[in-house]
Amino acid sequence: MPISKKKSSPHLAVQKEVEPAAAVPPSSIVSFNASLVAYAHATTAYTAFISALIVGCYLHYEKIVENASFGYPEEWFPSVSATIGDRYPERSIFQIFIALTSGPRFLLIFINFLKSLESNKKNDKIPIKSHIALISGIVRTFTCGGWVYITSTDDHDWHDIFMIAYIVLTIPWTVTISLASPKGSTIKLGRSLTSSLFFATLVPLVYWFIQHKVHVRAGAYSIYAFFEWALILLDVAFDSWSVIEFKDLEIHLTGNGVTLNKKKVAKKTVVAAASSSSSADDEFTLVEFFINVVNSYMFWTVLTSLLLCVWYFPLWLLGLSGYEAVVAIVFVAPLFLTIPPLRRFFGRFPFIARSLSVLGGVGAYKVEEPEQRLAIITVGTAFAVIALVSEFHSFQSKPKKFESYAISFVSGLLATSVFKFLCYSNNPIWPIMHSENGGWNAVGIFVGLAAAFLTPGTFNSSSSIGSTKAINSGGSIFLAAIGFAGYFFSIHSFLSDSSTLALWSWEGYPINGPTPVSGALFNIGSIMIGLLIAIKFNPSITSSSVYQILGGISAFTLYKYPDWIGYGGACVYTTYLASIAPVIWKSIAGYNPGLLFSLTFLLDILVSLASIWIVAYAFVPAGWVLRERTDIVLGTSYGMILVGVLNYKLKSSVATKITKATATTFRQTLTVLSILLSLSVAIQFKRTPTQPFEPYNASTKSFTTGIWCVHFGLDNDMWSSETRMRDLIRDAQVDVIGLLESDTQRLIGGNRDFTQKIAEELGMYADYGPGPNKHTWGAALLSKFPIINSTHHLLPSPVGELAPAIHATLDVYGELVDVVVFHSGQEEDVEDRRLQSLGIQEIMASSTRPLVLLSYLVTEPLVGNYNTYVSEKSRMHDIDSTDWDRWCEYILFRELKKVGYARISRSTITDTELQIAKFKLLEGHEREIDVNDQRLYGNNFVHENEIEEGLRFPSLFKGDGVRGHFYHVFDEPRYFSQNV
């Protein structure tokens with residue numbers, strides 16, 4: 001065909017004519033694209049399994065997680081067999097949808113076979129692999145029907161026979177279909193990776209089945225079930241690659257039968273975007289894409305650490321400290337790039353800003369003094385922002401690289417979330433980390449500097465100014481800044497940690513929603529799905545009104561509903577945020593980068609401050625305006641995103657509205673996501689508990705309780721303190737502990753959760769308490785004993801900060817014991833504290849079980865509100881009413897024998913001590929003693945020598961103690977003379 005050339009604008013190059021489409025056969029009755037078969041197969045199959053899982057968990061959760069050896073809470077995740085075969089109506093729902101899957105399934109098998117016939121029509125012989133695929137596919141489908149319609153309850157042996165046969169037949173099916181895929185294609189790579197993950201998953205599947213069946217290990221079947229579900233998802237995903245492979249095939253139902261034709265493109269004019277460089281220069285290599293992801297990881301590490309370290313200072317002043325002003329560097333730094341020589345310098349030498357951001361933002365951990373460390377972090381943040389803005393300016397005139405850069409930016413944020421998942425929600429290279437508390441700072445500096453010096457650049461003088469004018473047609477810099485600010489805030493707040501949104505939906509025990517561990521893969525997977533949507537779908541879809549409405553509905557669901565419903569909304573909103581990345585980035589292309597990002601980050605800071613004001617209202621000016629208004633903050637950020645989408649639609653440049661990302665970007669992203677997904681699955685495997693938790697002194701049937709205000713997990717020198725907290729709790733042998741000032745799942749806390757590390761490494765059940773959307777400073781409960789039930793309370797606070805409380809019921813050596821963890825309001829808010837004392841009194845009075853209060857009461861002993869907590873109505877007694885120096889932390893109890901009481905110094909971990917009390921359950925006649933009988937509740941002290949050794953507190957805290965922790969106030973722990 002002839003090729004015509006004509007003069008055009010600098011961004012229009014060659015017009016090519018392509019072959020006309022073949023006409024649809026005249027006798028055609030019905031015609032449709034073959035990819036619809038693959039879509040139908042994937043949709044019905046996934047719907048069958050996922051709907052059964054949702055309905056089963058909602059209606060019969062404890063029944064479907066139970067097996068022959070264990071039940072809830074030892075087993076917490078249902079197997080596929082129990083979900084789809086044991087109960088009505090989930091069994092029926094599943095079987096209906098899986099029956100609907102059979103039609104597309106057989107069509108998919110035969111289309112693959114017909115494709116092989118077409119590709120070999122010049123030869124009389126059909127490849128043997130085509131016959132193997134056809135036969136194995138058909139027989140495999142029948143075996144699927146076997147284990148679907150003969151459930152394990154109906155006939156366990158035949159169910160297993162069909163299941164094993166299905167897995168065995170999967171080998172020839174996946175191998176032959178993968179071999180038949182086009183060489184070097186995304187389809188072949190995707191199928192190979194999916195099938196490899198499928199068979200790799202069989203290894204831990206078999207291992208955990210043996211642990212369950214042979215070793216009768218508690219919780220093993222839940223982990224086995226997790227991998228069993230993974231097999232289902234991967235199995236369907238393998239066949240879903242046909243969506244891409246079949247998109248060029250048309251099925252025609254004619255009077256003479258069914259024909260399969262290859263779709264041809266209709267005659268049209270193809271407009272190619274021109275570039276001042278070669279086409280090869282307009283795409284990143286795989287190595288460059290990896291480098292961009294690492295650079296993004298470093299950017300997010302440095303930026304998130306700035307707010308976290310700023311937070312340290314108002315903690316000690318209980319108000320604005322002045323150090324908050326350093327966050328202004330975020331919107332001041334881009335202004336330097338309004339100066340052309342500086343913009344050209346950083347564009348030509350991108351490694352300079354990147355390396356300085358790593359040295360300042362990550363290397364600051366070498367500085368001991370908090371003030372100096374914050375100053376260095378601030379400088380590192382400035383260069384991190386400069387690097388981002390200068391690279392944005394360099395790549396915006398190269399559409400393919402620009403699209404890829406947007407994807408790598410979110411991928412780097414995802415990588416921080418994955419590594420935080422590995423390190424119990426701490427970023428291991430934050431400057432609050434070091435080798436003693438689990439930091440990988442030296443490794444981070446090495447990797448960050450390596451990526452910095454390899455940072456790809458595209459700067460050239462011809463594209464520095466004129467190109468921005470060419471790609472800036474329509475829209476407004478103000479609309480662009482509003483949109484990007486809302487988007488930046490949203491992904492920072494909700495996507496930077498895999499447990500944040502799980503804790504938004506957390507309501508306590510029994511568990512009816514995700515936990516930070518069980519919900520992590522859903523969050524990470526949602527981001528990955530969003531990125532793949534961003535690459536494979538035309539931006540006209542992700543910028544459509546329907547798609548934005550979907551995002552709004554999911555945000556509302558996240559805000560409004562708890563447990564799995566709310567978390568389902570969270571996952572959809574997460575996918576939405578990740579998927580619109582290219583649209584939002586294209587909406588800001590073409591404007592002055594310095595002014596654009598300065599305005600963007602100014603707006604981002606304002607929204608971030610609003611997200612802090614909603615909980616810090618008692619300590620900031622005009623706090624009442626945003627008090628407890630998460631709805632305003634979430635709604636505002638979402639509305640700002642809509643403004644950005646609007647600006648994208650207003651822009652009419654070809655360069656900013658290319659249809660979708662290239663196949664190269666897809667392969668590169670898929671490679672990175674596959675690595676992160678594999679790592680995430682391994683982390684999930686590592687962090688899932690496999691052993692029952694044991695109390696420290698089970699032989700004496702005693703248990704030790706504790707209360708500690710832990711100052712948001714930052715010690716006196718601005719280091720992350722959960723490792724030191726863990727060690728003290730372990731050495732003090734505390735079985736049940738209340739942690740106060742524990743909610744760090746917000747921007748100023750680094751979106752982290754230090755209770756995860758303490759609970760998992762000490763073998764304790766954890767209740768995070770009221771989540772980050774409940775506007776409290778946090779109250780958490782950790783327990784060696786199973787938490788049977790827990791209820792979260794927000795006590796009356798008409799003036800000051802909200803007072804959180806947890807009322808939990810524990811199974812202590814077979815007897816139910818209640819524990820209440822409570823943090824009272826501030827000293828200045830007298831009426832608040834009075835109302836809160838009445839609220840806690842009512843909670844304690846309503847309990848009919850033995851009870852321990854672990855609390856921060858903000859009162860003096862024996863006076864004022866103390867007499868509401870310790871009263872005839874509450875029936876509570878003070879662990880030691882002669883201890884006059886407590887002021888805030890108190891342990892109260894009833895219907896238990898007190899054994900001992902001690903106070904352990906905090907060292908430099910926080911600003912409050914650890915108080916502990918040891919108890920035993922009442923026995924026989926002791927239950928009949930009057931509640932005020934001094935034999936149980938008096939302060940008649942005895943020497944430690946009169947207490948049997950198994951009931952004594954650890955001796956390592958005597959004298960000078962260990963690591964700065966020692967028994968103080970008293971010469972030694974106090975024990976009581978009742979018969980213990």
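Residue by residue through the stretch 188-227, note down the ones that are touching a Ser or Thr at 6+ places or on another chain (Cβ under 6 Å) and crowded, with 18+ Cβ neighbours inside 10 Å. Talk me through it step by step, then tell me what you get.
To start, the set of residues in the stretch 188-227 that are touching a Ser or Thr at 6+ places or on another chain (Cβ under 6 Å) comprises 188, 191-193, 195, 216, 219, 223, 225, 227.
Hits for the stretch 188-227 are Lys188, Arg191, Leu193, Ser195, Gly219, Ile223, Ala225, Phe227.
Taking Leu626 as the residue in question, decide whether it is under 20 Å from the mean Cα position of the chain (by Cα), modelled with pLDDT of 90 or more and under 30 Å from Pro516 (Cα atoms).
Working: under 20 Å from the mean Cα position of the chain (by Cα): no; modelled with pLDDT of 90 or more: yes; under 30 Å from Pro516 (Cα atoms): yes.
No, not satisfied.
Touching a Phe, Trp or Tyr at 6+ places or on another chain (Cβ under 6 Å), β-branched (Val, Ile, Thr) and either in contact (Cβ under 8 Å) with a residue 24 or more places away in the chain or outside the structural domain of Val620 (by TED's automatic domain parsing) (or both): does that describe Val330?
Values: touching a Phe, Trp or Tyr at 6+ places or on another chain (Cβ under 6 Å): yes; β-branched (Val, Ile, Thr): yes; either in contact (Cβ under 8 Å) with a residue 24 or more places away in the chain or outside the structural domain of Val620 (by TED's automatic domain parsing) (or both): yes.
When the stated conditions are applied, Val330 passes them.
Spot the failing condition for Ser847; the list is (1) more than 35 Å from the chain's Cα centre (by Cα); (2) farther than 17 Å from Ile891 by Cβ, and only one is missed.
Status for Ser847: all satisfied but (2).
From the set of residues in the stretch 549-558 that are touching a residue at least 40 places away in the same chain (Cβ under 8 Å) and buried (at least 19 other Cβ atoms within 10 Å of the Cβ), which is farthest from Gly771 (Cα to Cα)?
Here is the first cut: in the stretch 549-558, the ones touching a residue at least 40 places away in the same chain (Cβ under 8 Å) are 551-552, 555, 558.
If we keep only those that are buried (at least 19 other Cβ atoms within 10 Å of the Cβ) too, we end up with 551, 555, 558.
Details: Gly551: 22, Ala555: 17, Leu558: 13 Å.
Ranking the candidates gives Gly551 first.
Any residue at all in the stretch 606-629 that is over 24 Å from Leu794 (Cα atoms), surrounded by fewer than 18 Cβ atoms within 10 Å (Cβ to Cβ) and in the same structural domain as Leu388 (by TED's automatic domain parsing)?
Yes, some residue in the stretch 606-629 is over 24 Å from Leu794 (Cα atoms), surrounded by fewer than 18 Cβ atoms within 10 Å (Cβ to Cβ) and in the same structural domain as Leu388 (by TED's automatic domain parsing).
Please name all residue pairs, on different chains or six or more residues apart, with Cβ atoms under 6 Å, provided the first residue is in the stretch 207-228 and is more than 23 Å from Tyr765 (Cβ to Cβ) and the second residue is crowded, with 20+ Cβ neighbours inside 10 Å and not β-branched (Val, Ile, Thr).
Close Cβ pairs satisfying both conditions: Phe209/Tyr224; Glu228/Ser79.
Okay, residues lined up against (1) modelled with pLDDT under 85; (2) among the aliphatic types (A, V, I, L, M):
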| position | (1), (2) |
| --- | --- |
| Glu926 | yes, no |
| Val931 | yes, yes |
| Leu936 | yes, yes |
| Asn939 | yes, no |
| Val942 | no, yes |
| Glu948 | no, no |
| Leu951 | no, yes |
| Asp960 | no, no |
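Within the stretch 516-527, restricting attention to residues that are in a loop (DSSP other than H, G, I, E, B) and touching a residue at least 60 places away in the same chain (Cβ under 8 Å), which residue is surrounded by the most Cβ atoms within 10 Å (Cβ to Cβ)? Spell out the reasoning first.
So the first thing to find is which residues in the stretch 516-527 are in a loop (DSSP other than H, G, I, E, B), and the list is 516-519.
If we keep only those that are touching a residue at least 60 places away in the same chain (Cβ under 8 Å) as well, we get 516-518.
On the way: Pro516: 26, Val517: 21, Ser518: 18.
The extreme case among them is Pro516.
Quick one: would you say Thr859 is surrounded by fewer than 23 Cβ atoms within 10 Å (Cβ to Cβ), in contact (Cβ under 8 Å) with a residue 24 or more places away in the chain and within 30 Å of Asp715 (Cβ to Cβ)?
Details: surrounded by fewer than 23 Cβ atoms within 10 Å (Cβ to Cβ): yes; in contact (Cβ under 8 Å) with a residue 24 or more places away in the chain: yes; within 30 Å of Asp715 (Cβ to Cβ): yes.
Here the answer is yes, as Thr859 does meet what is asked.
Matching residues to (1) β-branched (Val, Ile, Thr); (2) more than 17 Å from Val817 (Cα to Cα):
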position: Asp743; (1), (2): no, yes
position: Thr755; (1), (2): yes, yes
position: Asp767; (1), (2): no, no
position: Lys774; (1), (2): no, yes
position: Leu781; (1), (2): no, no
position: Pro786; (1), (2): no, no
position: Thr791; (1), (2): yes, no
position: Gly800; (1), (2): no, yes
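Return the total of residues in the stretch 150-184 being surrounded by 15 or more Cβ atoms within 10 Å (Cβ to Cβ) and part of a helix (DSSP H, G or I). Don't jump to the end; show me each part of the working.
Residues of the stretch 150-184 that are surrounded by 15 or more Cβ atoms within 10 Å (Cβ to Cβ), as a first pass: 150-152, 159, 161-163, 165-167, 169-170, 172-181.
Narrowing further to those that are part of a helix (DSSP H, G or I): 159, 161-163, 165-167, 169-170, 172-180.
Residues flagged as surrounded by 15 or more Cβ atoms within 10 Å (Cβ to Cβ) and part of a helix (DSSP H, G or I) within the stretch 150-184 amount to 18.
Please go through the stretch 312-349 and give me each residue that is under 21 Å from Phe392 (Cα atoms) and not in a helix (DSSP H, G or I), ordered by number.
Listed by number, the residues that qualify are Ile339, Phe349.
Within the stretch 35-94, work out how many residues are within 26 Å of the chain's Cα centre (by Cα), acidic (Asp, Glu) and outside any loop (DSSP other than H, G, I, E, B).
Residues meeting the conditions: 1.
The conditions are (1) outside any loop (DSSP other than H, G, I, E, B); (2) surrounded by fewer than 23 Cβ atoms within 10 Å (Cβ to Cβ), and Glu368 fails exactly one of them. Which is it?
Tallying (1) outside any loop (DSSP other than H, G, I, E, B); (2) surrounded by fewer than 23 Cβ atoms within 10 Å (Cβ to Cβ), Glu368 fails exactly one: (1).
Under 7 Å between Cβ atoms, at least 6 apart or on separate chains: pull out the pairs that start in the stretch 340-358 with a residue that is within 8 Å of Ala387 (Cα to Cα) and end on any residue that is of a type outside the set (S, T, N, Q) and outside any helix (DSSP H, G or I).
Once the first residue is within 8 Å of Ala387 (Cα to Cα) and sits in the stretch 340-358, its partners that are of a type outside the set (S, T, N, Q) and outside any helix (DSSP H, G or I) give Pro350/Gly457.
What pairs come out if I take residues in the stretch 673-693 that are in the same structural domain as Val418 (by TED's automatic domain parsing) and pair them with residues that are of a type in the set (Phe, Trp, Tyr) whose C-beta lies under 6 Å away, six or more apart or interchain?
Sorted first by the residue in the stretch 673-693, then by its partner, the pairs are Ile683/Phe421.
Condition first: over 34 Å from the mean Cα position of the chain (by Cα) and of a type in the set (Ser, Thr, Tyr). Now tell me which residues in the stretch 800-844 satisfy that.
Listed by number, the residues that qualify are Tyr813, Ser837.
With the requirement that a residue be in contact with a helix residue (DSSP H, G or I) (Cβ under 6 Å, 6 or more places away or on another chain) and either part of a loop (DSSP other than H, G, I, E, B) or crowded, with 18+ Cβ neighbours inside 10 Å (or both), what does the stretch 439-455 give you? Before you say what the answer is, go through the steps one by one.
Of the residues in the stretch 439-455, the ones in contact with a helix residue (DSSP H, G or I) (Cβ under 6 Å, 6 or more places away or on another chain) are 441, 445, 448-449, 451-455.
Within the stretch 439-455, Asn441, Ile445, Gly448, Leu449, Ala451, Ala452, Leu454, Thr455 qualify.
The values are calculated or read from the model by the stated rules, or taken from the named source; none is laboratory data. Because the structure is predicted, anything quoted here is derived from the model rather than measured. Ideal geometry is used to build each Cβ from the backbone, glycine not excepted, and the neighbour counts take in all protein chains shown.
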